[in-house]
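*Asks:* Quick one: the structure is below, and I'll ask about it shortly.
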Amino acid sequence: MKNIVILISGSGSNMAAIVQAAQQQDWARTLDARVAAVVSNKADAGGLAFARQQGIATEVLDHKAFASREAFDAALSELIDQYQPALVLLAGFMRILTPGFVGHYAGRLINIHPSLLPAFTGLHTHQRAIDAGCKFAGATVHEVTAELDIGPILEQAVVPVLPDDTAKALAARVLVEEHRIYPLAVANWLKRQN
Ligand code: GAR
């Protein structure tokens, strides 16, 4: 059985979409995979309660308790590795990861980013798309490499930017698509391993 570990920092709606897809599509039987743990760097991350309700192991590792990014990432990978993951998913995990961490999970680390990469890496993607006059925005699921928000693209979804759009309205429109393409990208990744 392939273990998936999902890292979150906030509401965890993408994590929930993946957990629900795993249940509905019976990934344990069809893809020999399961969500083994949800890890958050914030104790108050909303998604933790959902994961617990689903009977999934949860872990909290507060980055503020560590003196450096390297020390946090070392402790984080030690925690993750207890689950011997075939795949580690970043789902709204709002920490920049060190090259050491990314290298350790090379080929089995995936992220979702709320823009049409390679446009708008980093933060505030929706406001920046609106400010740039983009007619379309979207989301990208990609493999994580050492450079922030760069790496082979696995799935993308496009939504229109509407006249008088706000970042909040656009984010909500994009999020609906995120919940569709992240489980899809993960299922396809797992299929390629089987
Ligand atoms: C999602 O929109 C995700 O794409 C974004 O944070 C949100 C998390 O929502 N990720 C990033 O901005 C990563 N740089 P969620 O916690 O409800 O899944």
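*Asks:* In this structure, is residue 130 of a type in the set (A, V, I, L, M, F, W, C) and touching a Leu at 6+ places or on another chain (Cβ under 8 Å)? Spell out how you get there, then give the answer.
*Replies:* Details: of a type in the set (A, V, I, L, M, F, W, C): yes; touching a Leu at 6+ places or on another chain (Cβ under 8 Å): yes.
Here the answer is yes, as residue 130 does meet what is asked.
*Asks:* With touching a Gly at 6+ places or on another chain (Cβ under 9 Å), open to solvent by 20 Å² or more (accessible area, probe 1.4 Å) and under 19 Å from residue 4 (Cα atoms) as the only criterion, which of 143, 155 stands out? Reasoning before the result, please.
*Replies:* Working: 155 fails: touching a Gly at 6+ places or on another chain (Cβ under 9 Å).
Among 143, 155, only 143 is touching a Gly at 6+ places or on another chain (Cβ under 9 Å), open to solvent by 20 Å² or more (accessible area, probe 1.4 Å) and under 19 Å from residue 4 (Cα atoms).
*Asks:* What number goes with the only condition from (1) under 26 Å from residue 156 (Cβ atoms); (2) touching a Lys or Arg at 6+ places or on another chain (Cβ under 7 Å); (3) among the small types (Gly, Ala, Ser) that residue 28 does not pass?
*Replies:* Residue 28 satisfies all of (1) under 26 Å from residue 156 (Cβ atoms); (2) touching a Lys or Arg at 6+ places or on another chain (Cβ under 7 Å); (3) among the small types (Gly, Ala, Ser) except (1).
*Asks:* Regarding residue 132, is this residue more than 27 Å from residue 5 (Cβ to Cβ) and surrounded by fewer than 23 Cβ atoms within 10 Å (Cβ to Cβ)? Talk me through it step by step, then tell me what you get.
*Replies:* On the way: more than 27 Å from residue 5 (Cβ to Cβ): yes; surrounded by fewer than 23 Cβ atoms within 10 Å (Cβ to Cβ): yes.
Here the answer is yes, as residue 132 does meet what is asked.
*Asks:* Tally time: how many residues in region 177-194 are open to solvent by 20 Å² or more (accessible area, probe 1.4 Å) and touching a strand residue (DSSP E or B) at 6+ places or on another chain (Cβ under 8 Å)? I'd like the intermediate steps shown before the answer.
*Replies:* In the first step, residues of region 177-194 are kept if they are open to solvent by 20 Å² or more (accessible area, probe 1.4 Å); the result is 177, 179-180, 184, 188, 191-194.
If we keep only those that are touching a strand residue (DSSP E or B) at 6+ places or on another chain (Cβ under 8 Å) as well, we get 177, 180, 184, 188, 193.
Here the count works out to 5.
*Asks:* Pairs only if they're at least six apart or on different chains, beta carbon under 6 angstrom, first in region 86-100 and in contact (Cβ under 8 Å) with a residue 24 or more places away in the chain, second of a type in the set (Ser, Thr, Tyr) and near the ligand (Cβ under 9 Å from one of its atoms); list them, first residue then second.
*Replies:* These pairs meet every condition: 92/9; 93/9; 94/9.
*Asks:* Looking for something open to solvent by less than 20 Å² (accessible area, probe 1.4 Å), farther than 24 Å from residue 104 by Cα and either out of contact with any strand residue (DSSP E or B) (no Cβ under 9 Å at 6 or more places or on another chain) or not in a loop (DSSP other than H, G, I, E, B) (or both) - is there at least one such residue anywhere in region 63-86?
*Replies:* no
*Asks:* If you check residue 101 against the conditions, is it of a type in the set (Phe, Trp, Tyr), over 16 Å from the mean Cα position of the chain (by Cα) and in a helix (DSSP H, G or I)?
*Replies:* Values: of a type in the set (Phe, Trp, Tyr): yes; over 16 Å from the mean Cα position of the chain (by Cα): no; in a helix (DSSP H, G or I): yes.
No.
*Asks:* So which of 24, 20 is within 15 Å of the ligand (Cβ to nearest atom) and open to solvent by 50 Å² or more (accessible area, probe 1.4 Å)? Show your work before the answer.
*Replies:* Working: 24 fails: within 15 Å of the ligand (Cβ to nearest atom).
The conditions single out 20.
*Asks:* Could you list, in sequence order, the residues of region 27-54 that are of a type in the set (Gly, Ala, Ser) and open to solvent by 70 Å² or more (accessible area, probe 1.4 Å)?
*Replies:* Start the filter on region 27-54 by keeping residues that are of a type in the set (Gly, Ala, Ser), which leaves 28, 33, 36-37, 40, 43, 45-47, 49, 51.
Answer for region 27-54, where residues must be of a type in the set (Gly, Ala, Ser) and open to solvent by 70 Å² or more (accessible area, probe 1.4 Å): just 43.
*Asks:* Within region 125-182, can you find the residues that are at pLDDT below 95 and either within 11 Å of the ligand (Cβ to nearest atom) or assigned to a strand (DSSP E or B) (or both)?
*Replies:* 148, 149
*Asks:* Enumerate the pairs (first residue in region 1-27 and touching a residue at least 24 places away in the same chain (Cβ under 8 Å) and part of a helix (DSSP H, G or I); second residue anywhere and among the aromatic types (Phe, Trp, Tyr) and within 15 Å of the ligand (Cβ to nearest atom)) with beta-carbon separation below 8 Å, excluding pairs fewer than 6 apart on the same chain, so at least 6 apart or on different chains.
*Replies:* Hits for this filter: 14/182; 15/50; 16/50; 17/182; 18/182; 19/50.
*Asks:* Here's another thing I want to ask about it. With the checklist (1) open to solvent by 40 Å² or more (accessible area, probe 1.4 Å); (2) under 25 Å from residue 194 (Cβ atoms); (3) of a type in the set (S, T, N, Q) in hand, flag the one item residue 111 doesn't pass.
*Replies:* (1)
The values are calculated or read from the model by the stated rules, or taken from the named source; none is laboratory data. Note that the coordinates shown come from a computational prediction; the quantities given were computed from them, not determined experimentally. Note that each Cβ is placed from the backbone with ideal geometry, even for glycine, and that neighbours are counted across all protein chains shown. Protein only, heavy atoms only, side chains kept; ligands, DNA and RNA dropped before computing areas. Shrake-Rupley method; radii C 1.70, N 1.55, O 1.52, S 1.80 Å.
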